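Below is one structure, written out as structure tokens; comments come after it.
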Amino acid sequence: MTYFIIIRGPLGVGKSTVAKALAKELNAKYISIDEKLAEHKLDFIPKDADCISKENFIKVNQLILPLVKNSLSEDLPVILDGNFYHQEQIDDLIENLHFQNHLFNLKAPLSTCIKRDNNREKTLGKDATTAVYNLVNRFSIGIDIETDGKNVPEVVREILEKL
């Protein structure tokens, strides 16, 4: 039986790097929620809000569901990575994908996330990193994996041990 994995966490925690390495290790399909939001111009923050709306995240879910279902029906695991700071987005994916799933919450101190963001080619800045950090940490779901002080292979190995 195949499955999908959700890798969630704040900006700068290492989600994309870990998710891509995990996808390679598992020969899985990798999908970035952030890339899909941008691709479909759903990554804007309304003037009266503090973040991208849950409605836009649900729209992205609807856009990726056919691809995810197709991959899963071909026994190809799927790795989804994103901030997932709306519980409803996660619930929607699980409700619409009738496959086994695993949810991992990558964690690191805010200072580490800010430092990692500063080292990116395209930094989003301290304010954005702090805002996303706070949004992601409004609720806890899944298995927590600490990334601070670990390299990518160590984090991937820890996730594989939990599967």
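The values are calculated or read from the model by the stated rules, or taken from the named source; none is laboratory data. Just so it is clear, the model here is predicted, and its values are computed rather than measured. A quick note on method: Cβ atoms are made from the backbone with ideal geometry, for glycine too, and the neighbour counts reach across all protein chains shown.
Data overview
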quantity	calculated
Filtered residues of region 52-102 (kept if assigned to a helix (DSSP H, G or I), over 21 Å from Val136 (Cα atoms) and not hydrophobic (A, V, I, L, M, F, W, C))	Gln62, Pro66, Lys69, Asn70, Ser71, Ser73, Asn96
Within region 79-117, considering residues that are out of contact with any strand residue (DSSP E or B) (no Cβ under 9 Å at 6 or more places or on another chain) and free of Cβ contacts under 8 Å to residues at least 12 places away in the same chain, the one surrounded by the most Cβ atoms within 10 Å (Cβ to Cβ)	Asp91
Selected residue [modelled with pLDDT under 95 and not hydrophobic (A, V, I, L, M, F, W, C)] from Asp43, Asp81, Asp92	Asp43
Residue count for region 137-150, restricted to those that are under 11 Å from Arg8 (Cα atoms) and either modelled with pLDDT under 95 or part of a loop (DSSP other than H, G, I, E, B) (or both)	4
Residue match in region 105-125 (condition: within 20 Å of Glu25 (Cα to Cα) and not in a loop (DSSP other than H, G, I, E, B))	yes
Condition met for Leu76 (hydrophobic (A, V, I, L, M, F, W, C) and either touching a Ser or Thr at 6+ places or on another chain (Cβ under 8 Å) or buried (at least 20 other Cβ atoms within 10 Å of the Cβ) (or both))	yes
Subset of region 25-51 (residues that are buried (at least 16 other Cβ atoms within 10 Å of the Cβ) and polar (S, T, N, Q))	Ser32
Candidate set from region 19-39 (those that are within 10 Å of the chain's Cα centre (by Cα) and not in a strand (DSSP E or B)); member that is farthest from Val60 (Cα to Cα)	Ala19
Selection count, region 6-18, where residues are more than 9 Å from the chain's Cα centre (by Cα) and within 19 Å of Asn70 (Cβ to Cβ)	0
Residue list for region 118-154, restricted to those being within 17 Å of Val18 (Cα to Cα), touching a strand residue (DSSP E or B) at 6+ places or on another chain (Cβ under 8 Å) and of a type in the set (A, V, I, L, M)	Ile143, Ile145
